[in-house]
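The values are calculated or read from the model by the stated rules, or taken from the named source; none is laboratory data. A quick note: this is a predicted structure, and the numbers were derived from the prediction, not measured. All Cβ positions, even for glycine, are placed from backbone atoms using ideal geometry, and neighbour counts span all protein chains on display. Side chains included, ligands, DNA and RNA excluded: accessible areas come from the protein's heavy atoms. Shrake-Rupley method; radii C 1.70, N 1.55, O 1.52, S 1.80 Å.
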Amino acid sequence: MHIQANYSLLPHNTFKVDVKTQYYVEINRQSDILILRTDMKLASLPWKIIGDGSNLLFTQDIEGVTIRCTFKQIKIVKEDQDEVWISVGAGVEWHDLVKYSIDNGWWGLENLALIPGTVGAAPVQNIGAYGSEARDCITRVQTLNIYDGQRTEFRNSECNFGYRTSIFKQEYVNKLLVHRVTFRLRKAHAGQANLVYAPLKESLQDTPSKTLTPKIVFDAVIALREDKVPDPQRQGNAGSFFKNPVVDPEYLEELQSRYPDIPNHRMLDGNFKIPAAWLIEQTDWKGKSHGHAGVSMQHALVLVNLGNATGSEIEELSQMVKADVNHKFGIYLEPEVIIL
Ligand code: EPU
């Protein structure tokens with residue numbers, strides 16, 4: 001284990017913001033935590049857990065110890081005629097796991113292709129796209145307590161998964177490090193495509209549904225995503241910056257009387273989700289900037305680093321966008337990104 005002092009987190013956040021952490025350590029196994037805790041100085045400081053920083057916005061230097069899990073093992077733990085259970089180290093790149101599952105012809109993760117970040121972050125944030133969420137395939141999450149190294153296993157029902165959230169983002173944030181995640185996937189003959197997201201269904205309408213494979217859906221998702229979300233390698237960003245807000249039917253009606261074209265999506269509980277991207281576009285922020293931070297030309301829900309932006313500039317921009325949406329629509333946008 002290598003403890004690095006005054007370490008730049010530039011390679012560890014997709015917004016490409018340059019901040020420093022007092023100490024940085026990569027954790028691979030349970031004993032790493034126990035060893036670190038014997039260091040009185042490190043033990044007395046606050047610890048923060050990061051993944052690939054694809055959902056973080058750093059607005060200042062980080063005091064204390066920043067830890068990152070680099071455990072990368074993938075193994076099949078159980079298998080039957082129709083399904084396979086794989087246990088995956090938190091340090092594996094999410095998209096590499098998706099590719100691995102596709103190469104094996106397994107169904108389950110294909111709609112979640114190209115989401116930046118690590119496997120460890122997937123349950124924390126309950127990542128989602130194109131009608132799928134990580135929770136649909138996760139059966140267990142194994143964590144290490146960062147104070148005493150203790151191992152705990154959570155079943156899916158114990159993770160309190162919600163829209164871009166879980167128990168690991170709420171009560172256990174910076175207490176439990178996700179170490180491995182078990183996924184249940186369906187074998188080629190036993191699964192089927194999830195095409196609830198209309199643009200995905202449309203893009204595959206010429207392929208007879210019987211001939212669809214995980215790989216075909218995976219390729220279609222990649223094509224859709226590349227169209228919409230700017231590549232963080234080229235322009236720093238963290239995907240959707242805000243969550244899509246939810247309003248009750250009465251409020252939707254009121255909005256519809258003023259904005260008859262307002263897009264909306266009915267949820268199971270009878271409330272309605274409104275695309276934050278549409279709200280932002282109506283405030284004229286799309287393609288505009290503040291300092292070195294901008295609202296993507298490609299997708300209004302994505303804030304981007306136009307080059308050498310500070311985290312504070314990006315945060316200020318988010319506050320301005322939020323204020324204008326609130327002023328125009330009476331809707332309070334909540335960040336999906338974690339601001340530190
Ligand atoms: N729209 C605009 N202007 C834009 C872009 C979109 O008005 O610039 C409107 C359109 O009406 C469009 C609607 O917004 O129909 C919804 O947009 P889109 O289908 O692109 O999806 P989204 O709601 O913006 C969500 C997730 C994404 C996920 C996509 C696809 C959230 C906050 N975001 O975005 O997740 O990839 O659906 O499923 O739920 C992420 O979390 O980082 C992320 C990228």
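In this structure, does Pro123 turn out to be under 15 Å from Tyr172 (Cβ atoms), within 16 Å of the ligand (Cβ to nearest atom) and of a type outside the set (A, V, I, L, M, F, W, C)?
Yes, satisfied.
What about Leu279, is it surrounded by 17 or more Cβ atoms within 10 Å (Cβ to Cβ) and in a strand (DSSP E or B)?
The answer is no for Leu279.
Search region 123-138 for residues being open to solvent by 20 Å² or more (accessible area, probe 1.4 Å) and within 15 Å of Arg155 (Cα to Cα), and hand back the single one that is nearest to the chain's Cα centre (by Cα).
Step by step, filter region 123-138, then rank; the result is Val124.
State all residues of region 238-266 that are surrounded by 12 or more Cβ atoms within 10 Å (Cβ to Cβ), more than 14 Å from the ligand (Cβ to nearest atom) and of a type in the set (Ser, Thr, Tyr); if no residue qualifies, say none.
The one that is surrounded by 12 or more Cβ atoms within 10 Å (Cβ to Cβ), more than 14 Å from the ligand (Cβ to nearest atom) and of a type in the set (Ser, Thr, Tyr): Tyr251.
I need every pair where a residue in region 72-91 that is among the polar types (S, T, N, Q) has its Cβ under 6 Å from the Cβ of a residue that is modelled with pLDDT of 95 or more, sequence separation at least 6 or different chains.
From region 72-91, the pairs are Gln73/Gly89; Ser87/Lys75; Ser87/Val77; Ser87/Arg180; Ser87/Thr182.
If you take the residues of region 198-226 that are in contact (Cβ under 8 Å) with a residue 24 or more places away in the chain and open to solvent by 70 Å² or more (accessible area, probe 1.4 Å), which of them is nearest to the ligand (Cβ to nearest atom)?
Glu226
Which condition from (1) touching a helix residue (DSSP H, G or I) at 6+ places or on another chain (Cβ under 8 Å); (2) in a helix (DSSP H, G or I) is the one that Tyr147 breaks?
(2)
Report, by residue number, each residue of region 285-340 that is within 15 Å of the ligand (Cβ to nearest atom) and free of Cβ contacts under 8 Å to residues at least 12 places away in the same chain.
Gly287, Lys288, Met297
Taking Glu315, is it crowded, with 17+ Cβ neighbours inside 10 Å, of a type in the set (Asp, Glu) and not in a loop (DSSP other than H, G, I, E, B)?
On the way: crowded, with 17+ Cβ neighbours inside 10 Å: yes; of a type in the set (Asp, Glu): yes; not in a loop (DSSP other than H, G, I, E, B): yes.
Taking the combined requirement at face value, the residue satisfies it.
Considering only region 103-111, I want to know if a residue exists there that is among the acidic types (Asp, Glu) and touching a strand residue (DSSP E or B) at 6+ places or on another chain (Cβ under 9 Å).
yes
Output the residue which, of all residues in region 107-122 that are in a loop (DSSP other than H, G, I, E, B) and β-branched (Val, Ile, Thr), is farthest from the chain's Cα centre (by Cα).
Val119
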